Amino acid sequence: MAINTDIQRDTALDRQKEQLKPPPMYQVVLLNDDYTPMEFVVAVLQRVFGKNEDEASRIMLKVHHEGRGVCGVYTRDIAATRVEMVKQLARARQHPLQCIMEPAPEA
């Protein structure tokens with residue numbers, strides 16, 4: 001019985017190098033309501049999104065005056081987790097604060 005020792009090693013070289021695209025990004029957006037206290041919104045921005053007090057206040061005022069404010073831009077899984085964290089905190093305090101995620105605009 002003969003053993004074939006002739007192994008073709010050129011197949012890996014024939015493959016074209018694939019270039020991975022960065023993952024799609026999503027922005028997390030807080031929506032305004034007339035009932036959630038501004039202090040609670042600032043606290044959520046600091047706790048969930050790691051914003052300092054000045055930046056959290058700026059985003060809160062944007063939500064208050066314009067109806068919505070972007071809290072951050074993340075990959076899909078991280079954005080979904082942050083949205084759920086905001087919703088859980090709001091429910092625990094019985095506030096109607098709403099948070100959504102949407103595809104981030106292309107830069």
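The values are calculated or read from the model by the stated rules, or taken from the named source; none is laboratory data. Worth saying up front: this structure is predicted, and the values here are computed from it rather than measured. For neighbour counting, all protein chains shown are included, and Cβ atoms are generated from backbone atoms with ideal geometry for every residue, glycine included.
Numbers for the structure displayed
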| read-out | value |
| --- | --- |
| Set Arg76, Arg82, Arg68: member being without any contact (Cβ under 8 Å) to a residue 40 or more places away in the chain and closer than 27 Å to Glu106 by Cβ | Arg68 |
| Subset of segment 43-58 (residues that are closer than 13 Å to Leu30 by Cα and of a type in the set (Asp, Glu)) | none |
| Segment 34-52: number of residues that are modelled with pLDDT of 95 or more and more than 20 Å from the chain's Cα centre (by Cα) | 6 |
| Test: residue in segment 85-97 that is of a type outside the set (Lys, Arg), over 9 Å from the mean Cα position of the chain (by Cα) and at pLDDT below 95 | no |
| Strands (runs of 3 or more DSSP E) within segment 14-107 that include 2 or more residues of a type in the set (Gly, Ala, Ser) and surrounded by 11 or more Cβ atoms within 10 Å (Cβ to Cβ) | 68-75 |
